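Participant: Sending over a structure as structure tokens; questions will come in a sec.
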Amino acid sequence: MFFAQDKVFEEVFCICIQLLNKTWKEMRATQEDFDKVMQVVREQITRTLASKPTSLDVFRNKVNAMNYSEILKLRQTERMHQEETLAPPVLELRERLKPELMELIKQQRLNRLCDGTLFRKISSRRRQDKLWYCRLSPNHKVLHYGDVEERDDNPAIELLQEKIPVADIKALVTGKDCPHMKEKSTLKQNREVLDLAFSVLYDAEDYSLNFIAPTKYDFCLWTDGLNVLLGKELNSEQTKSELEILLSMEIKLRLLDLENIPIPDAAPPIPNAPSNYNFCYDYSHTEH
């Protein structure tokens, strides 16, 4: 939107001044109400920009459609939602649900470790060398790992010759505390690599198994899973985000008014896939 015209800021300023005059009339404001009107106008503009309008015309239409009465409705809805989520019974329900949902997240992390992940070895010359695979045994007692070929992205656990008993793991370290990061302390570290590095220390911390996760998501899953094995708290951003999503969904389900509504014991059957997906389209391309 901001690069479609040469004088876009002047155009936006004109739209906003017209919006100010329009909102002033809708609120039947006087001179004493100036600050209140400016707050409403600011909210109209920020809410409209949050919807990411694709052009100035779309911005003009959306911001004008968000009149004073619409702002009042949005504020009331948000206030009611906040009152519901911050009410003492709801807060108590959140605390009661947290342990159950946290166990669900922990089980998912262990399942991911059992599935395993393909890692890359990085040499001292910062060249990507061989690939290796690591996975947790189904009984959660042994970490199996070993070198693999690039085409083998999901090797069987029997093909991974090396192993570390979980009982021998002493600690989990990340970032600069990892042995393979300390060894390269004389080199200028790539911040992204540093954020993806973690190590498992075992056998009285004399040995370590060093990892560099493919993505930040894999880093969170593996460090969370290893913390579960070590009996420690899960404190990654991924866990916090997933816990908040699960809590929000579970609370909304618990607060539904389901009186006299039969709830089936079994999930409904999954329908067959449609013959095409022509009914699905991107709404952002329909704005003009």
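Participant: Would you say residue 95 is under 30 Å from residue 226 (Cβ atoms) and free of Cβ contacts under 8 Å to residues at least 60 places away in the same chain?
Facilitator: Taking the combined requirement at face value, the residue satisfies it.
Participant: Pairs, please: C-beta under 8 Å, at least 6 apart or cross-chain, first residue under 17 Å from residue 104 (Cβ atoms) and in segment 228-241, second among the hydroxyl-bearing types (Ser, Thr, Tyr)?
Facilitator: 236/223; 238/217
Participant: Give the number of residues within segment 239-278 that are of a type in the set (Ser, Thr, Tyr) and either open to solvent by less than 100 Å² (accessible area, probe 1.4 Å) or part of a helix (DSSP H, G or I) (or both).
Facilitator: Number of matching residues: 3.
Participant: Residue by residue through segment 210-230, note down the ones that are open to solvent by less than 20 Å² (accessible area, probe 1.4 Å) and either in contact with a strand residue (DSSP E or B) (Cβ under 6 Å, 6 or more places away or on another chain) or under 22 Å from residue 130 (Cα atoms) (or both).
Facilitator: 211, 213, 218, 222, 223, 226
Participant: Next question, about the same structure. Restrict the check to segment 62-70 and report whether at least one residue is open to solvent by less than 70 Å² (accessible area, probe 1.4 Å), under 21 Å from residue 9 (Cα atoms) and touching a Cys at 6+ places or on another chain (Cβ under 9 Å).
Facilitator: Yes, there is a match, as at least one residue in segment 62-70 is open to solvent by less than 70 Å² (accessible area, probe 1.4 Å), under 21 Å from residue 9 (Cα atoms) and touching a Cys at 6+ places or on another chain (Cβ under 9 Å).
Participant: Follow-up. Please work out which one of (1) within 30 Å of residue 251 (Cβ to Cβ); (2) at pLDDT 90 or above is the condition residue 62 fails and give its number.
Facilitator: Result: residue 62 fails condition (1) only.
Participant: Please find, within segment 119-140, the residue that is farthest from residue 200 (Cα to Cα) out of those that are at pLDDT 85 or above and open to solvent by less than 50 Å² (accessible area, probe 1.4 Å).
Facilitator: Among those residues, the one meeting the criterion is 131.
Participant: Scan segment 141-174 residue by residue and report those that are surrounded by 14 or more Cβ atoms within 10 Å (Cβ to Cβ), in contact with a helix residue (DSSP H, G or I) (Cβ under 6 Å, 6 or more places away or on another chain) and of a type outside the set (A, V, I, L, M).
Facilitator: 144
The values are calculated or read from the model by the stated rules, or taken from the named source; none is laboratory data. Please read these numbers as outputs of a predicted model, since none were measured by experiment. Heads up, the Cβs are rebuilt from the backbone with ideal geometry, glycines too, and the neighbour counts pull from every protein chain shown. Calculation scope for accessible area: heavy atoms of the full protein, side chains included, ligands and nucleic acids excluded. Shrake-Rupley method; radii C 1.70, N 1.55, O 1.52, S 1.80 Å.
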